[in-house]
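Heads up: the structure comes next, in structure tokens.
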Amino acid sequence: MPKIKMPKSAPSIDMTPMVDLAFLLVTFFMLTANFRSTEPVQVDTPSSISETIIPKNVIMVTVDKGGHVFFNITGAESRQDLLEQMGAKYKIAFTKEQKENFLKMTSFGCSMRDMPAYLDMSAEDRQQLVEKEGYVGIPADTTRNELKDWISLGNSVAMQFGKISYEEALTTDKNAIADDFKPKFILKVDSKAVYVYAKNVIDIFRDLNLNNLNFVTNLEANPNATQ
Amino acid sequence: MAEIAEGGGGGHAKNGKKRAKKQSTRIDMTPMVDLAFLLLTFFIMTSTFSKAKVMSLVYPAKPEEGKNDPPQEIFNAVTFIVTEDKLFYYEGQYYPEATGDKPKTQLIETDFGPNGVRKLLADGNKSVIEGKAKLDEELAKGQIADTTYKQRLIKLKKSNDALKVLIKTDEKATCRNFIDLIDELKIANIGVIAPVDIMQSELDLLKAKTK
């Protein structure tokens, strides 16, 4: 029987293509990544065919499946101004660190009374807070409607900074549209939440005469789309 | 490189002459690969692929206090009532009792399947869907401008022939059903969507129906 001759050289694999591919993917993900922000609550949004991408200047109210309300506003200047105005209205003073923490976080859900303590917490503690019993989120009932203050003050603050950025944009782009810079109102509701919870928030918006609302949805295929 | 280490590693020739050790020009890439995949995993885990999408919905303005506008007669309207797991509708005006030639309003059950609400809306809103198809064609051919297309589409959606939809919810309806219904309305090109409060008599009717 002939003997099979084994090659003497060590078994080796050329890894170069794999490295190439790995770095290509790394580069791709680095460039496309927009980091997942840490929200205090996980919300599973319903799906729709809408392809409108979430605008830049937004006031977002989140309603989780337990009906807790969270508030978020974009823009560092708006956030800073809004916290100061709310602090003045509810006579609460914030320390420098607390103000900085407010700029760093995204949505928040607590009453103004608990706000300083909430701002001192770590992001993980805030997430755990939601699961605790007796947690209420932002008070939004008729007796103590803090959400209404957040929305109405937030709207005026965001309107003001939107106007400034519009004027800035006008200097470079003559065709800038003023409406693009105005704050938009976003509702992020959990698909399992009862509609009555969302309706409560919607009614607050409508009381302030803000009738054009947007719901955050997952994209699904349009059955009518012609390819 | 990814190779199994070989013992020895030549250097001494048989004739005893000393030669310079042959240096391998290959670099061990394993740590680099490790690093690359570590970074890759990190970016995959932390990135969100797409930005969130939003669906806009314009609510009717709240009537000013003390000012009670007479209810307008709406042509070609359908009212949907969303409950926890079911979907009902009735066409036209609501009649709590039989009045004149109009019988008492009955709720009809439907569902989110392709033969349920989608077919119903496609039939009811046929004039708009056909009109939109015509406009789309004209736009594709370049016969009309983008702005006129938008204007005519809005006009079409608000015409008397277009289907108008009112949405009412009972206290157990979930947001998923509500959004799904709005989504169906958008698919069917419904222009006038009005989420309104449910009336007590409708709730009673609903209760009798779901029992």
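Read-outs throughout are calculated quantities, based only on the coordinates presented, and are distinct from any laboratory measurement. Computed from a predicted structure; not experimentally measured. Using ideal geometry, Cβ is built from the backbone for each residue, glycine included, and neighbour counts are taken over all protein chains shown.
Limited to the stretch B:169-208, what total is found for residues that are within 11 Å of another protein chain (Cβ to nearest Cβ) and part of a helix (DSSP H, G or I)?
The qualifying residues number 13.
With the checklist (1) buried (at least 21 other Cβ atoms within 10 Å of the Cβ); (2) more than 9 Å from chain B (Cβ to nearest Cβ); (3) more than 20 Å from the chain's Cα centre (by Cα) in hand, flag the one item A:Thr172 doesn't pass.
(1)
For A:Asp14, state whether it is over 14 Å from A:Lys188 (Cβ atoms), among the charged types (D, E, K, R) and at the interface with another protein chain (Cβ under 10 Å from one of its Cβ atoms).
Against the criterion (over 14 Å from A:Lys188 (Cβ atoms), among the charged types (D, E, K, R) and at the interface with another protein chain (Cβ under 10 Å from one of its Cβ atoms)), A:Asp14 qualifies.
Only one of A:Asp179, A:Asp149, A:Asp125 is part of a helix (DSSP H, G or I), over 18 Å from A:Ser107 (Cα atoms) and among the acidic types (Asp, Glu). Can you tell me which?
A:Asp179
Taking the residues in the stretch A:65-91 that are buried (at least 17 other Cβ atoms within 10 Å of the Cβ) and aliphatic (A, V, I, L, M) as candidates, determine which candidate is nearest to the chain's Cα centre (by Cα).
Selected residue: A:Ile73.
Answer with yes or no whether A:Asp207 is of a type outside the set (Ser, Thr, Tyr) and either closer than 21 Å to B:Met55 by Cβ or at the interface with another protein chain (Cβ under 10 Å from one of its Cβ atoms) (or both). Can you show your working first?
Working: of a type outside the set (Ser, Thr, Tyr): yes; either closer than 21 Å to B:Met55 by Cβ or at the interface with another protein chain (Cβ under 10 Å from one of its Cβ atoms) (or both): yes.
Against the criterion (of a type outside the set (Ser, Thr, Tyr) and either closer than 21 Å to B:Met55 by Cβ or at the interface with another protein chain (Cβ under 10 Å from one of its Cβ atoms) (or both)), A:Asp207 qualifies.
Can you tell me which residue among A:Thr95, A:Thr74 is among the polar types (S, T, N, Q) and within 14 Å of another protein chain (Cβ to nearest Cβ)? First the steps, then the outcome.
On the way: A:Thr95 fails: within 14 Å of another protein chain (Cβ to nearest Cβ).
Selected residue: A:Thr74, the only one of A:Thr95, A:Thr74 that is among the polar types (S, T, N, Q) and within 14 Å of another protein chain (Cβ to nearest Cβ).
Among the residues of the stretch A:35-44, is there at least one that is closer than 30 Å to B:Met29 by Cα and facing chain B (nearest Cβ under 8 Å)?
yes
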